[in-house]
Every structure is written in structure tokens, then in C-alpha cells.
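These notes are about the structure you will find just below.
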Amino acid sequence: MGKSTGFLEYERTESEHRPARERIRDYEEFVVAPQVEALRIQGARCMDCGVPYCHAGFVVEGLSIGCPLCNLIPEINDLVYRGEYEEAYKRLSKTHPFPEFTSRVCPALCEGSCTLGEHALPVTIKEIERFVSDEMLRRGLIRPRPPLLRTGKRAAVVGSGPSGLACAELLNRLGNSVTVFERADRPGGLLMYGIPNMKLDKALVLSRVALLEEEGVQFVLSTEVGGDYPAPALMKDFDAVVLCAGATQERLIDAPGSELAGVETAVRFLSAATKGLLDGKRDAGAPNAAGKDVIVVGGGDTGTDCVATSIRQGAGSVAQLEILPKPPEKRTDGNPWPLWPKVHKTDYGQQEAIALFGTDPREYLTTVKEITGANGRVNGVKTVQVEWVNRNGKQAPREIAGTERLRPAQLVLTAMGFTGPERMLIERLDLKTDSRGNVATEGDSHKSSLLSVFAAGDVRRGPGLVVWGIAEGRRVARRCDEYLNAK
Ligand SMILES: Cc1cc2nc3c(=O)[nH]c(=O)nc-3n(C[C@H](O)[C@H](O)[C@H](O)COP(=O)(O)OP(=O)(O)OC[C@H]3O[C@@H](n4cnc5c(N)ncnc54)[C@H](O)[C@@H]3O)c2cc1C
Ligand code: SF4
């Protein structure tokens with residue numbers, strides 16, 4: 001522990017964000033890189049409390065406690081306080097292959113469980129992680145580490161999202177020859193075509209993939225396994241297969257008019273925006289918010305990304321509908337520390353809408369009753385307010401009569417989450433699924449119902465977080481390696 005009285009002397013300070021009105025003119029990252037002295041002070045605030053829930057990494061009643069990767073957080077904080085950044089990176093790398101991703105996009109489950117957070121504001125663990133990884137990148141110290149020996153075993157990883165990349169990284173490091181198949185034209189899964197560039201610069205994803213290639217991982221892009229590359233060939237060509245195909249089936253809106261042109265899913269909208277940015281040209285058929293009244297259905301983080309992207313494309317107005325009530329400002333008794341705090345926050349997209357339009361775009365307890373249109377195109381959304389009532393022992397929304405409202409809309413973006421993995425590959429491999437439609441695995445073994453086929457990430461756990469994807473990818477790599485090299 002660097003400074004025993006640090007938590008008494010120093011307050012939490014956070015990195016600045018670029019001013020909202022300036023950053024909406026581009027797609028560059030909006031968080032300004034944290035300053036080293038401020039971070040050393042944050043490192044000094046760590047109490048080295050003895051029972052550090054911040055790195056516990058378990059789930060209670062569906063809520064995470066601490067970092068799923070079990071990062072050695074108190075040690076890293078201490079090393080940063082002492083100015084030993086290289087050593088801090090070595091500690092970080094023991095548990096975490098891609099800190100440059102999570103230190104930008106993770107909701108920081110660790111901070112929700114920081115012991116200091118019980119009485120004061122938690123240590124800025126995520127920003128310390130970002131500083132350590134960015135500093136090593138800046139110094140050119142993140143170099144390829146190819147394995148010294150090869151096992152002669154071949155493994156295929158289907159999907160190049162965080163779980164696929166993490167699995168490929170470790171399986172390859174353990175000496176296996178790894179090929180990653182990705183149906184998109186660029187690798188990264190939702191890191192590439194989901195999370196917008198202003199949260200995670202795509203150059204970081206591509207440079208990590210380039211590093212993996214230098215270490216020996218092969219990437220086969222624009223190839224759908226089960227389609228372009230048939231499932232039987234996959235089973236024949238590889239000694240083991242790891243499915244990291246995500247839970248990419250988006251929940252669609254269930255209201256009259258949902259078939260109209262101009263009603264788009266969030267991921268199609270966001271991925272088209274990123275593809276246009278990276279290709280340097282916009283696909284004429286891609287959804288675009290320029291000059292339109294946009295209604296985003298869904299008040300979560302994906303909805304926020306849609307708000308921010310619509311604003312950057314020049315939307316005329318943006319509203320964000322959420323069927324749930326506004327969360328409380330502070331933890332409730334039912335959501336105590338060290339559980340992840342379910343509290344109200346105003347994220348970057350809402351801050352930008354407030355700066356541009358003067359109001360928070362979110363409307364709670366509001367849902368879509370009907371989508372109206374003319375000549376096959378959307379021109380409005382009829383909304384209605386709801387209240388939550390007990391129906392057969394379960395909370396359910398009930399419309400409040402007389403609260404209908406017709407609003408103009410030329411683009412409706414549905415950001416209502418995901419229903420689970422796509423069926424095609426699961427059916428072609430004839431895999432068993434669980435009650436939620438995810439690939440069923442034997443406990444934590446990551447083994448599917450088919451010998452030599454493993455599963456990890458959202459395809460196994462259901463829609464989650466990048467950090468969970470990486471944690472799952474590392475675990476499945478170990479299980480798959482045990483299977484491949486048991487003898
Ligand atoms: C818009 C959006 C924003 C998000 N923002 C955040 C955030 O800020 N922070 C956070 O922690 N989490 C965020 N998430 C969630 C997070 O991105 C996911 O939980 C995570 O990416 C899941 O990782 P994965 O590797 O399991 O799957 P994915 O990232 O979904 O990757 C699966 C990959 O498999 C490929 N694939 C599927 N089927 C096949 C096939 N048959 N053949 C070849 N390839 C195939 C897909 O093309 C895809 O690239 C966000 C999600 C969305 C949709
Ligand atoms: S990966 Fe996320 S939860 Fe883990 S230490 Fe980093 S910010 Fe915290």
C-alpha cells in the first residue's frame with residue numbers, strides 16, 4: 001500500500017471529457033487521456049483494504065461483484081502510485097490481455113465494489129487501467145509474444161469479438177495453432193461494429209488484431225461458418241472448435257408499423273456508421289439520421305450510443321424512450337455495496353443532447369403504441385405512458401389511458417437488447433441449448449453437447465459486457481487446451 005493515509009487526504013478526480021458541442025463534430029474519443037499525477041494520487045487513495053471485492057469477480061443475484069477478470073487491482077494501484085508503470089502493466093497482463101479495450105468501455109464493475117466506495121467515492125480504477133495500458137502502448141512496450149513451442153493441435157474460433165479474441169490469444173500462447181473465423185469484413189465483433197468510435201477508437205482494435213497475427217493467430221474474415229464455410233468441414237479441419245459467435249439476435253419492436261422503412265435496429269445503424277467512417281464513404285442504402293427526427297426505443301447504453309451517433313450525423317431532434325421508471329439517484333437498500341450500483345447516470349450521449357437541444361432526451365415509463373407511415377416509410381410514432389403493476393405475481397407495464405402522443409419521426413432505432421444467439425450455426429452443428437436459447441455447456445467446463453466443441457461469451461452467457469466476454473474467452477481457452485493436450 002503506497003500511502004496509508006491517501007484515502008483520507010485525497011478526493012476522487014476523473015478525467016475530463018471534451019466539451020460536448022466540440023466533440024459532436026467528429027467521431028474521435030471523447031474522454032481526454034488521464035493525467036499521470038492525478039492518477040498517482042488516485043492510486044494513493046487505494047486502501048489495500050485486505051478483502052478487496054474490486055477484484056473478486058463473482059455474480060450474486062445476477063449482479064456482478066468486482067472485476068470478472070480478477071485483475072490484481074490493489075497491487076496495480078500501489079505500483080502506479082510508486083511510478084512503477086511497467087511493473088503495473090506486467091501485473092495487469094497476468095489476468096487481462098486487452099486492457100486498452102475495457103479501460104475505455106467497461107462500466108467498471110470493480111469501482112462498484114471498491115471498499116472506499118462504501119463511505120466515499122471509489123478509486124478511479126478504470127482510468128488507472130487506461131493510463132497503464134496507454135503508457136505501455138506509447139512506449140512501444142506491448143510487443144508480440146509468440147509461443148516457443150507448438151503442440152501441433154489446430155483450433156478454430158468462430159467469432160472475433162472480445163471472447164473470440166481473448167480465447168485465440170491464450171490458446172495460441174499455449175502453443176496451439178488458432179484460426180479465427182469472422183463473417184464481418186473487419187475483426188472485433190461488437191468492439192468493431194457496435195461500440196462507436198468515440199468510445200473506442202477502432203485503430204486500437206485493429207492494432208491488437210495485428211499483434212495477435214504477429215503471434216501466429218490467423219484471421220479469416222468475411223466468412224460465415226455454417227454458410228460460406230460448412231459446419232462439417234469445420235469439424236473435419238480442426239481438432240477443436242470454440243464458438244464465440246455472440247448473442248446477436250436483436251429484440252424487435254412489437255407494434256403495428258414496425259415493418260416500415262426507416263425502422264432500424266441499433267446494431268445495423270451503429271455498424272453502418274462505423275463502416276462508413278472507416279471506409280471513408282457512406283453506403284447509400286445505410287440508415288442515416290441527417291436532418292431527421294429520431295426516436296430511439298430503449299434507454300440503455302446501446303440506446304445512448306444511438307443518440308450520440310444520430311447527433312453526429314446531424315439529426316434534427318432525438319428522443320430516447322424507456323419503458324422502465326427512472327432509476328434512483330442513490331443505491332437503494334435492496335442494492336447495497338458491494339453489488340453493482342443500479343443508479344441514474346447521465347452518459348455521454350445524453351450530455352450531448354442536452355448541450356445541443358437543451359433537454360435530456362430520455363423519457364421514462366414511455367413505450368411505442370404504433371409506428372405510422374406513408375408510402376411505406378415511417379413518418380411518426382404514437383407513444384403512450386405506462387405504469388408498472390403486479391400481474392400474476394410479476395411486475396408488468398400497463399398503459400395509462402389518455403396519455404397517447406403522436407410525434408414526428410423519420411428514423412426509429414430499436415435498442416431493446418438481444419434475445420440470444422442466432423440459430424443457424426447452432427442448428428447446423430446440432431448443439432443443445434439452454435432455456436434461454438444460449439449454447440448449453442456442462443457447468444463451467446465450457447463444453448457443449450458435442451465433443452470437441454466449446455462455447456464462450458455472449459453465445460453461452462447471453463448478452464453481457466466486454467469484460468465478461470474476455471473473461472469467458474480466457475476460461476474457455478484453458479478448457480479447450482486441456483482437451484486438446486490431455487495426453
Ligand atoms: C451497441 C452496443 C454497445 C455496447 N457497448 C458496450 C460497452 O460500452 N461496454 C461493454 O462492456 N459492453 C458493451 N456492449 C456489449 C458487448 O459488446 C458484448 O457483450 C460483447 O461484445 C460480447 O462479446 P462476444 O465475443 O461474446 O460476442 P460479439 O462481440 O457479439 O462477437 C461475435 C462475433 O461473431 C461473429 N459471428 C457470429 N456468427 C458467426 C458465424 N456463423 N461465422 C463467423 N462469424 C460469426 C459476429 O459477426 C461477431 O463479430 C455493447 C453492445 C452493443 C450491441
Ligand atoms: S476490466 Fe472493468 S471491472 Fe475489470 S478492472 Fe478494468 S474497469 Fe474494472
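The values are calculated or read from the model by the stated rules, or taken from the named source; none is laboratory data. Because the structure is predicted, anything quoted here is derived from the model rather than measured. Counting neighbours? That spans all protein chains shown, and the Cβs are built from the backbone with ideal geometry, glycine included.
From the residues in the range 18-69 that are within 16 Å of ligand 1 (Cβ to nearest atom) and hydroxyl-bearing (Ser, Thr, Tyr), which one is surrounded by the fewest Cβ atoms within 10 Å (Cβ to Cβ)? Selected residue: Tyr27.
One residue stands out in the range 343-377 among those that are in contact (Cβ under 8 Å) with a residue 60 or more places away in the chain and among the charged types (D, E, K, R): the one that is surrounded by the fewest Cβ atoms within 10 Å (Cβ to Cβ), namely Arg377. Taken over the range 4-17, the residue count meeting the criterion of being surrounded by fewer than 12 Cβ atoms within 10 Å (Cβ to Cβ) and part of a loop (DSSP other than H, G, I, E, B) is 3. Considering only residues of the range 211-234 that are crowded, with 17+ Cβ neighbours inside 10 Å and at positive phi, which is farthest from ligand 1 (Cβ to nearest atom)? Checking each candidate, the answer is Gly216. Across the range 412-428, which residue is nearest to Pro287 (Cα to Cα) among those that are more than 22 Å from the chain's Cα centre (by Cα) and within 8 Å of ligand 1 (Cβ to nearest atom)? The selected residue is Met424.
Taking (1) within 8 Å of ligand 1 (Cβ to nearest atom); (2) touching a Ser or Thr at 6+ places or on another chain (Cβ under 9 Å) in turn, Ala440 satisfies each apart from (1).
Residues checked against (1) closer than 23 Å to Leu69 by Cβ; (2) polar (S, T, N, Q); (3) in contact with a Lys or Arg (Cβ under 6 Å, 6 or more places away or on another chain); (4) not assigned by TED's automatic domain parsing to the domain that holds Leu171:
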| site | (1), (2), (3), (4) |
| --- | --- |
| Gln410 | no, yes, yes, yes |
| Met424 | no, no, no, no |
| Leu429 | no, no, no, no |
| Ser435 | no, yes, no, no |
| His446 | yes, no, yes, no |
| Val459 | yes, no, no, no |
| Gly464 | yes, no, no, no |
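Which one is farthest from Asp458 (Cα to Cα), of the residues in the range 207-260 that are among the aromatic types (Phe, Trp, Tyr) and part of a strand (DSSP E or B)? Step through it out loud before you land on a result.
Filtering the range 207-260 for residues among the aromatic types (Phe, Trp, Tyr) gives 219, 229, 238.
Still in the list and also part of a strand (DSSP E or B): 219, 229.
Numbers: Phe219: 20, Tyr229: 22 Å.
So the residue we want is Tyr229.
Among the residues of the range 366-397, those that are within 31 Å of the chain's Cα centre (by Cα) and over 26 Å from Ala261 (Cα atoms) comprise Val386, Glu387, Trp388, Lys394, Gln395, Ala396, Pro397.
So that you can scan it fast, the table gives a plain yes or no per residue for (1) surrounded by fewer than 17 Cβ atoms within 10 Å (Cβ to Cβ); (2) within 16 Å of ligand 2 (Cβ to nearest atom); (3) over 14 Å from Pro97 (Cβ atoms):
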residue	(1), (2), (3)
Asn438	no, no, yes
Thr441	no, no, yes
Val459	no, no, yes
Gly462	no, no, yes
Leu465	no, yes, yes
Ala471	no, yes, no
Arg474	no, yes, no
Arg478	yes, no, no
Asn485	yes, no, yes
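Taken together, the residues in the range 390-436 that are of a type in the set (Gly, Ala, Ser), without any contact (Cβ under 8 Å) to a residue 40 or more places away in the chain and in contact with a helix residue (DSSP H, G or I) (Cβ under 9 Å, 6 or more places away or on another chain) amount to 0.
Of the residues Arg104, Arg82, only one is more than 23 Å from Gly457 (Cβ to Cβ) and among the basic types (Lys, Arg); which? From the options Arg104, Arg82, the qualifying one is Arg82.
If I ask for residues that are within 17 Å of Ser64 (Cα to Cα) and either within 9 Å of ligand 2 (Cβ to nearest atom) or crowded, with 24+ Cβ neighbours inside 10 Å (or both), which ones from the range 109-123 would you list? Walk me through it before giving the result.
The initial filter retains those residues of the range 109-123 that are within 17 Å of Ser64 (Cα to Cα), namely 109-115, 117-118, 122.
Scanning the range 109-123 gives Leu109, Cys110, Glu111, Gly112, Ser113, Cys114.
Reported count of residues in the range 125-153, each being in a helix (DSSP H, G or I) and either free of Cβ contacts under 8 Å to residues at least 24 places away in the same chain or away from ligand 1 (no atom under 16 Å from the Cβ) (or both), is 8.
Restricting the range 103-117 to residues that are within 13 Å of ligand 1 (Cβ to nearest atom) and more than 11 Å from the chain's Cα centre (by Cα) leaves a set whose member that is nearest to Lys199 (Cα to Cα) is Ser103.
The number of residues in the range 183-210 that are out of contact with any strand residue (DSSP E or B) (no Cβ under 8 Å at 6 or more places or on another chain), more than 8 Å from ligand 1 (Cβ to nearest atom) and hydrophobic (A, V, I, L, M, F, W, C) comes to 6.
Exactly one residue among Val59, Val31, Val36, Val51 is without any contact (Cβ under 8 Å) to a residue 12 or more places away in the chain and of a type outside the set (Ser, Thr, Tyr), and that residue is Val59. Screening Pro99 with (1) buried (at least 18 other Cβ atoms within 10 Å of the Cβ); (2) over 30 Å from Lys236 (Cα atoms); (3) more than 10 Å from ligand 2 (Cβ to nearest atom) gives one miss only, at (3). Filtering the range 157-189 to residues that are away from ligand 2 (no atom under 16 Å from the Cβ), buried (at least 24 other Cβ atoms within 10 Å of the Cβ) and hydrophobic (A, V, I, L, M, F, W, C) leaves Val157, Val158, Cys167, Ala168, Leu171, Val178, Val180, Phe181. Taken together, the residues in the range 60-96 that are touching an Asp or Glu at 6+ places or on another chain (Cβ under 6 Å) and within 12 Å of ligand 2 (Cβ to nearest atom) amount to 2.
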